[in-house]
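Novice: Handing you this structure, nothing more for now.
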Amino acid sequence: MISYEELYEIVKNRLSSKRFNHCLRVVERAVEYAKVYDVDLNKVKLTALAHDIAKDLSDSNIDKYTYLLDDVELVNRSLCHAKIGAIICREYGFDEDMLNSIKYHTTGRENMSILEKIIYLADATESEREIGSSDYVELVKNNIDEAMLKICSLTLIRLLNNSKVIHIDSIKCYNYYNIKLFS
């Protein structure tokens, strides 16, 4: 598997400075959560660093991958980078859990692994995000499944309020954690 230092240079060269700094903040938050849940820090750091590796792709580069994208991803291009990023990171020796963590970091999905939840939540709660407040960070540290439901709910509300299409994985994510916690 690629070293953190090597990946750092690759990601830095692929992304705008704004996006790269976001990735570094996600690494910081993901490490914070990984320590609470005793998850392999190297895997967490690599995955968090690379989660947006395909975010700054041009439309022409995204078009090379359209055969992999579903209708919602084709309409909402901000979702494409997750699937494409997972494909790119396969080249760096990422395991399936790491690849799924990148693939589902925007939509979530039902029955996520602990690494998937950490990356999804670290991305949502990094220090410069609107929901990066200490209340949400503490919720993640105290009950990761409750945090999944809360953050997924906030995402769905934002998408609905902005009349955006909603990926079926996000709906399944919401339903899964709602049923898990309240049934």
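The values are calculated or read from the model by the stated rules, or taken from the named source; none is laboratory data. Everything quoted here is computed from the prediction, not taken from an experiment. A quick note on method: Cβ atoms are made from the backbone with ideal geometry, for glycine too, and the neighbour counts reach across all protein chains shown.
Novice: Here are some conditions: (1) in a helix (DSSP H, G or I); (2) surrounded by 15 or more Cβ atoms within 10 Å (Cβ to Cβ). Residue 57 meets all but one. Which one does it not meet?
Specialist: Unmet for residue 57, out of (1) in a helix (DSSP H, G or I); (2) surrounded by 15 or more Cβ atoms within 10 Å (Cβ to Cβ): (1).
Novice: Identify, from the list 8, 37, 65, the residue that is farther than 27 Å from residue 142 by Cβ and either out of contact with any helix residue (DSSP H, G or I) (no Cβ under 7 Å at 6 or more places or on another chain) or at pLDDT 95 or above (or both).
Specialist: Working: 37 fails: farther than 27 Å from residue 142 by Cβ; 65 fails: either out of contact with any helix residue (DSSP H, G or I) (no Cβ under 7 Å at 6 or more places or on another chain) or at pLDDT 95 or above (or both).
None of the other options fit; the residue is 8.
Novice: Among (1) under 14 Å from the mean Cα position of the chain (by Cα); (2) of a type in the set (Gly, Ala, Ser); (3) farther than 20 Å from residue 51 by Cβ, there is one condition residue 113 misses while meeting the rest; what is its number?
Specialist: Failing condition for residue 113: (3).
For (1) among the β-branched types (Val, Ile, Thr); (2) in contact with a Ser or Thr (Cβ under 6 Å, 6 or more places away or on another chain); (3) part of a helix (DSSP H, G or I), each residue gets a yes or a no:
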{"site": "110", "(1), (2), (3)": "no, no, no"}
{"site": "130", "(1), (2), (3)": "no, no, no"}
{"site": "140", "(1), (2), (3)": "yes, no, yes"}
{"site": "147", "(1), (2), (3)": "no, no, yes"}
{"site": "156", "(1), (2), (3)": "no, no, yes"}
{"site": "166", "(1), (2), (3)": "yes, no, no"}
{"site": "170", "(1), (2), (3)": "no, yes, yes"}
{"site": "174", "(1), (2), (3)": "no, no, yes"}
{"site": "178", "(1), (2), (3)": "no, no, yes"}
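Novice: Among the residues of region 25-43, is any surrounded by fewer than 17 Cβ atoms within 10 Å (Cβ to Cβ), more than 20 Å from residue 98 (Cα to Cα) and more than 13 Å from the chain's Cα centre (by Cα)?
Specialist: No, region 25-43 contains no residue that is surrounded by fewer than 17 Cβ atoms within 10 Å (Cβ to Cβ), more than 20 Å from residue 98 (Cα to Cα) and more than 13 Å from the chain's Cα centre (by Cα).
Novice: Something else about it: If you check 93, 108, which single one turns out to be small (Gly, Ala, Ser), surrounded by fewer than 20 Cβ atoms within 10 Å (Cβ to Cβ) and at positive phi? It would help to see each step written out before you state the result.
Specialist: Working: 108 fails: surrounded by fewer than 20 Cβ atoms within 10 Å (Cβ to Cβ).
After applying the criteria, what remains is 93.
Novice: Would you mind stating whether residue 74 is more than 15 Å from the chain's Cα centre (by Cα), hydrophobic (A, V, I, L, M, F, W, C) and assigned to a helix (DSSP H, G or I)? Talk me through it step by step, then tell me what you get.
Specialist: Working: more than 15 Å from the chain's Cα centre (by Cα): yes; hydrophobic (A, V, I, L, M, F, W, C): yes; assigned to a helix (DSSP H, G or I): yes.
Judged against the criteria, residue 74 is a match.
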